[in-house]
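Participant: To start, I am sharing the structure in question, which I have written as C-alpha cells.
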Amino acid sequence: MSDPRFTSFARALRARERRLGYWVVLDSPVSTERVARAGWDYVALDAQHGLLGYSGVLAGLTAVDAAGGPVGLVRVEANDPTYIGKALDAGAGGVIVPLVDDAEGAAAAVAATRYPPVGRRSYGPMRSGLRVGPVPAEADAAVVVLAMIETPSGLANIAEICATPGLDGVYVGPSDLCIAVGGAFPGDPAVAERFEAALVTVRETAAAAGIAAGIHTPSGAQAARRLAEGYTFATVASDLVHLEQAAANHLKEARGDNS
C-alpha cells in the first residue's frame, strides 16, 4: 500500500497544482529533518552538486520521512538507471534528472523510474517498499520524474521533451540555463532578456503539453514571483546558502553595522 503522501504529491504535481519545496546540499540529517518540519510540500536532496553521497541521500530521505509532512525528492548524479534506481529504492518520491537534452534522454529517464513492462527499473525496493509499496504498478503511480532544462539543446528541444510519454514535469536549472543562452556567468545581466524569454518558453511549452513546470529559486520572494508568472512548482535554495546568510547577518547586527 502506497504512502498517501507520495500518491497525493504525485497526483497534485500531475494536475499542475502549485507546490513549494526546499533544496538540501548538506549531509546533515538533523538539519534536514528540521527544515522538513517547516511545512514544505517537498524537500529535494542534491546528489549531483550537493555534498551528499549515497549514505547521505539515504539518511536525508529518512530524515524527511521522520518530519512527517513533505515528500523527499533527489536530484540524481546523471541520467543513468543505476543512479535513478538507487535514489528511488532509498525511498525518494521522485527524481530530478539533470542535463536532459532531447526526447530520447527524457524517455530514458522515464523508463528508469518505471518497472517493466512500462520501463526498465530493476526490482529491489530496499526502503521504498515502506513508502510506495511492493507492487510495481503502485510504485510507478506514486513516484514522479522531472527532466531538467538547462542546456542549449534542452531549450531547443523543449517541445519534444515535454511531449515525452510518462514525463511528469520539467525543471529549470537557472544557473546553467543562463549560461546556455549566452551568459558569461549565472545571473549575467547582459542576457537577462534572453533568459526571461527562455523561462517563458519553458513554462508555456509545459503548460501546452499538460505537464508541470518547476524552477529553482534563491529565495521565497523569487519563488512567489515565478509561481505568479505561471510556474507550477518552485524550490527555494539552499541550506548551505541560508546558513551562511544567517551567520553573516547576525554578525553584521552584532557589530552594529547598519551600512
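The values are calculated or read from the model by the stated rules, or taken from the named source; none is laboratory data. If you're wondering where the values come from, they're calculated on a predicted model, not measured in any experiment. FYI the Cβ positions are ideal-geometry reconstructions off the backbone, even for glycines, and counts take in every protein chain you see. What goes into the accessible areas is simple: the full protein's heavy atoms, side chains included, and nothing from ligands, DNA or RNA. Shrake-Rupley method; radii C 1.70, N 1.55, O 1.52, S 1.80 Å.
Participant: Could you run through the range 142-157 and say how many residues are touching a residue at least 24 places away in the same chain (Cβ under 8 Å) and farther than 22 Å from residue 10 by Cα?
Facilitator: So the answer is 7.
Participant: Residues in the range 1-21 that are more than 22 Å from residue 113 (Cβ to Cβ) and in contact with a Ser or Thr (Cβ under 7 Å, 6 or more places away or on another chain): how many?
Facilitator: 1
Participant: A further question on this structure: Return yes or no: is residue 95 β-branched (Val, Ile, Thr), out of contact with any Asp or Glu (no Cβ under 9 Å at 6 or more places or on another chain) and touching a residue at least 40 places away in the same chain (Cβ under 8 Å)?
Facilitator: So residue 95 fits the description; yes.
Participant: Could you tell me which residue of the range 148-160 is nearest to residue 176 (Cα to Cα), considering only residues that are outside any loop (DSSP other than H, G, I, E, B) and open to solvent by 20 Å² or more (accessible area, probe 1.4 Å)?
Facilitator: 152
Participant: Out of the range 184-199, which residues are among the hydrophobic types (A, V, I, L, M, F, W, C) and either out of contact with any helix residue (DSSP H, G or I) (no Cβ under 8 Å at 6 or more places or on another chain) or at positive phi (or both)?
Facilitator: 190, 192, 197
Participant: Among (1) within 25 Å of residue 4 (Cβ to Cβ); (2) in a loop (DSSP other than H, G, I, E, B), there is one condition residue 117 misses while meeting the rest; what is its number?
Facilitator: The one condition residue 117 does not meet is (1).
Participant: Could you tell me which of the residues 170, 135 is among the β-branched types (Val, Ile, Thr) and over 15 Å from the mean Cα position of the chain (by Cα)?
Facilitator: From the options 170, 135, the qualifying one is 135.
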